[in-house]
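Notes follow once the structure below has been shown.
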Ligand SMILES: [Fe+2]
């Protein structure tokens, strides 16, 4: 049986959500499962390989994030099966179905790991927010609630990651502004 056949097949269940809606929700949840597995392993990759002066606090933070994602993997996969679907939870399934780009293997410094993870958490956060709207539309408020729980934590974790970068980003932005102002000053003075 091909993956496509399995992904649209539902096991018999007495749950009162219509099968047409459940097929769509199961496909969406399997996309989320793949992305969550991928994001968790990428976060572990950062946990193991981070170097630099902030090594220890980032090593611990990345492990905490990976632990939360591990919980979501189980919650998402079990929502698939509760809806009568088949959960695709292997590493190969995750690699072929994930919406995330592969991790960068040539980075060492803490800031670069934080940037790489921020980029990936942002993509994941967007996917989860879209899934809240989609499952609401399909009248599956329980799956929408699961997505909402994940969304709230992922937004918070994106903040935790980006807080490491924002001072430098603000300074870079101010630097650009002041350069622009310096360039404009002589022209303005001529008026
Ligand atoms: Fe560890």
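The values are calculated or read from the model by the stated rules, or taken from the named source; none is laboratory data. None of the values given here were measured: they were computed from a predicted structure. All Cβ positions, even for glycine, are placed from backbone atoms using ideal geometry, and neighbour counts span all protein chains on display.
Exactly one residue out of 5, 81 is modelled with pLDDT of 95 or more, more than 25 Å from residue 122 (Cβ to Cβ) and over 15 Å from the mean Cα position of the chain (by Cα): that is 81. Just the residues that are within 17 Å of residue 70 (Cα to Cα) and in contact (Cβ under 8 Å) with a residue 24 or more places away in the chain, please, taken from the range 90-128. If the condition is that a residue be within 17 Å of residue 70 (Cα to Cα) and in contact (Cβ under 8 Å) with a residue 24 or more places away in the chain, then 91, 93, 94, 95, 98, 100, 117, 120, 121, 124, 125, 128 are the ones that fit.
Mind listing whichever residues of the range 83-101 are in a helix (DSSP H, G or I) and surrounded by 15 or more Cβ atoms within 10 Å (Cβ to Cβ)?
Across the range 83-101, the qualifying residues are 93, 94, 97.
Do we find that residue 13 is more than 16 Å from the ligand (Cβ to nearest atom) and touching a residue at least 40 places away in the same chain (Cβ under 8 Å) in this structure? So residue 13 fits the description; yes. Is it fair to say residue 44 is over 18 Å from the mean Cα position of the chain (by Cα), more than 20 Å from residue 23 (Cα to Cα) and surrounded by fewer than 22 Cβ atoms within 10 Å (Cβ to Cβ)? When the stated conditions are applied, residue 44 does not pass them. Only residues that are touching a helix residue (DSSP H, G or I) at 6+ places or on another chain (Cβ under 8 Å) and not in a helix (DSSP H, G or I) were counted in the range 148-165, giving 2. Scoring residue 110 on the criteria (1) at pLDDT 95 or above; (2) surrounded by 12 or more Cβ atoms within 10 Å (Cβ to Cβ); (3) out of contact with any strand residue (DSSP E or B) (no Cβ under 8 Å at 6 or more places or on another chain) leaves a single failure, condition (3).
Residues are listed down the side, and each one gets a yes or a no for (1) surrounded by fewer than 16 Cβ atoms within 10 Å (Cβ to Cβ); (2) in contact with a helix residue (DSSP H, G or I) (Cβ under 8 Å, 6 or more places away or on another chain); (3) part of a helix (DSSP H, G or I):
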| residue | (1), (2), (3) |
| --- | --- |
| 40 | no, yes, yes |
| 53 | yes, yes, no |
| 64 | yes, no, yes |
| 70 | yes, yes, yes |
| 79 | no, yes, yes |
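Take residue 131 and tell me if it is free of Cβ contacts under 8 Å to residues at least 24 places away in the same chain, out of contact with any strand residue (DSSP E or B) (no Cβ under 9 Å at 6 or more places or on another chain), surrounded by 12 or more Cβ atoms within 10 Å (Cβ to Cβ) and over 18 Å from residue 54 (Cα atoms).
In short, no.
One residue is enough: does the range 39-57 have a residue meeting the conditions in contact (Cβ under 8 Å) with a residue 24 or more places away in the chain, within 12 Å of the ligand (Cβ to nearest atom) and over 18 Å from residue 98 (Cβ atoms)? For the range 39-57, residues in contact (Cβ under 8 Å) with a residue 24 or more places away in the chain, within 12 Å of the ligand (Cβ to nearest atom) and over 18 Å from residue 98 (Cβ atoms): present. The single residue among 28, 61 that is within 13 Å of the ligand (Cβ to nearest atom) and modelled with pLDDT of 95 or more turns out to be 61. Only one of the numbered conditions (1) part of a loop (DSSP other than H, G, I, E, B); (2) at pLDDT 95 or above is violated by residue 104, and that is (2).
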